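What follows is a single structure, written as C-alpha cells, with notes after it.
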Amino acid sequence: MTRVLVAAPHPDDEVLGCGGSIARHRQAGRTVRVLYLTSGEHASPTVPPDELGPIREREAVAATAALGVPADALTWLRFPDGGLDVRDPDQVGAVMTVLRRLRPTLLYLPHPDDGSFDHREAAALCLRAAGMAGSANFPEWGGQPWWVPTILGYEVWSPIVDPVYTEDITDTLDAKVAALGCYRSQTQAAKGGGQADYIGEPAHYLAGYRGAMTGGGFREAFTVHRLGTVPL
C-alpha cells in the first residue's frame, strides 16, 4: 500500500509544490499525510508572528481539505520560521521520529536547490532524517527503523533544471488552484486584494509549461532522490 508523506517548510509549500499530485493520490484512495516543519509565522510585515502562525495553520487545514486530506492527517513540528537547520540534532531527530511513526513509502520534500533558505534546509534536514530513520541506531528517537523507498523533490520558488520525473495533474489542477486560494494571508500580503490568481495563475502556467516539455497536459516536476517504485 502506498503511504504518502509531504514535508512542507511552510503552509502553502505542499500545495505549490505537489498539490495536484496530492489530489491524485487521494482520488486513488491512498493515504496522504502532511508534515509542516514551521507555521510560517514570519511571512508578513504587518501581522505579528503570534497571530500569523495560527492563521496559516487554519488556512492549511482548509487547503489540504480541498485536496482531500483530513485535518487529522496533518502534523505540526512548529520549528522557528527562518530557523530550519540541518545541523540541529533535535530538528533532525523530530523528523526522524515522524518518519518512523508514519512509515511512508513515498516522501515529497522541497528540491535541494530551491532559492529559499528554509526550503534548502528543509530538503537537507528531511534527507538526513530519512537516512537516519532506516538505521537501527538512534533508539532515543523511538520507533522501529524505517527506510523510505521513494523520495521526490518538488519545486516552489526555483524551477528544477532538467527534471527527470513529472506527474500528470491535468485532472487535479483545478483542485490545486482552489487549495492555493485558501491561503488568503499570503495572497493578500503579496497582492493586497486576496485573489488566489496571484499564485494560482503562475502555478497554472508552470504546470502547463512542464506538460508541454514532458508529455502534454499539466504536470508537476520533481527531482528524484530515491525511486523504489513509480509513485503514480
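All of the numbers you see were taken from the coordinates with simple rules; none came from a lab. Since we're looking at a predicted model, the values are computed, not measured. Using ideal geometry, Cβ is built from the backbone for each residue, glycine included, and neighbour counts are taken over all protein chains shown.
Assorted remarks:
- Computed [θ] at 222 nm, deg cm²/dmol, the chain (DSSP H ≥ 4; -39,500 (n - 2.57); rounded to nearest 500): -13500 deg cm²/dmol
- The stretch between residue 209 and residue 1, if pulled fully straight at 0.36 nm per residue, gains 71.7 nm over its current Cα-Cα span.
- Residues whose placed amide H lies under 5 Å from that of residue 219, excluding near-sequence neighbours: 169, 208, 210, 211
- Taking amide H atoms as placed 1.01 Å from N in the peptide plane, the amide H of residue 165 lies under 5 Å from those of 222, each 5 or more residues away in sequence or on another chain.
- Karplus-derived 3J(HN,Hα), 6.51/-1.76/1.60, for each residue of region 16-30, Hz, glycine and proline x: 4, x, 8, x, x, 5, 4, 4, 5, 4, 5, 4, 7, x, 7
- Three principal axis lengths of region 13-139 [C-alpha, angstrom, descending]: 44, 36, 26
- Mean separation of Cα contacts under 8 Å, 6 or more apart, over the residue count of region 1-53: relative contact order %: 40 percent
- Bridge type composition, region 3-226 - antiparallel percent by DSSP, nearest 5: 30 percent
- Based on C-alpha pairs under 8 angstrom that are at least 6 apart in sequence, region 3-226 has a relative contact order of 24 percent.
- The modelled label-to-label distance between residue 113 and residue 77, using points 7 Å beyond Cα along the C-beta direction, is 2.4 nm.
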